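One structure below.
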Amino acid sequence: MHKLQALVGRPYRDFDEAGNYIGCFEPLYEIYENLPKYPLPEVEAGYFAHAMYRILENFEQVEIPESLDLIVFSFLGGILHFGIFLEAGKFLHVQRGSAFEIQRLSIYENKVLGYFKAKPHLKRKC
């Protein structure tokens, strides 16, 4: 977990150096070295949703999350957001206009759409 805690306070970025959208996906890219990245012409709802669903193809839904599992949230009736389950009811995420932070999951419990475990083909960095 040490590597992920080091991310706390790092500012949000829309794109990486290669022009791939990373936004709230960035914590996943810090964990999985071979998770595909997707260039987006701009951050529009349609392109964003497409990239999210493509990323979700690499995960399987689980009932009870374990450390480093993906959490999918829904805000404002449909906007999806990713976070990483840590332990003891905490998760790591980053959002536009903010920086990486660890928060209590209980604050967002009613926004959780599901928990997802990486499929075996994904290789962890940490």
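Quick rundown of the values:
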quantity	calculated
Only Lys, Arg (+1) and Asp, Glu (-1) charged, at Cβ; the chain dipole about Cα centre in debye	220
Per-residue [θ]222 nm for the chain (sum of -39500 (n - 2.57) over DSSP H runs n ≥ 4, rounded to 500)	-4500 deg cm²/dmol
Over 18 Å (Cα to Cα) - which of 37/111; 37/90; 90/125; 37/119; 3/37; 3/111 fall in this group	37/111; 37/90; 90/125; 3/37; 3/111
Long-range Cα-Cα pairs in the range 66-126 (distance over 20 Å), rounded percent	25
Lys/Arg +1, Asp/Glu -1 at C-beta; the chain dipole; positive extreme among 8, 122, 51	8
Rounded if a/c under 1.5, otherwise prolate or oblate - the chain, Cα gyration tensor axes	rounded
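All of the numbers you see were taken from the coordinates with simple rules; none came from a lab. Owing to the predicted nature of the structure, the values given are computational and were not obtained by experimental measurement. Note that each Cβ is placed from the backbone with ideal geometry, even for glycine, and that neighbours are counted across all protein chains shown.
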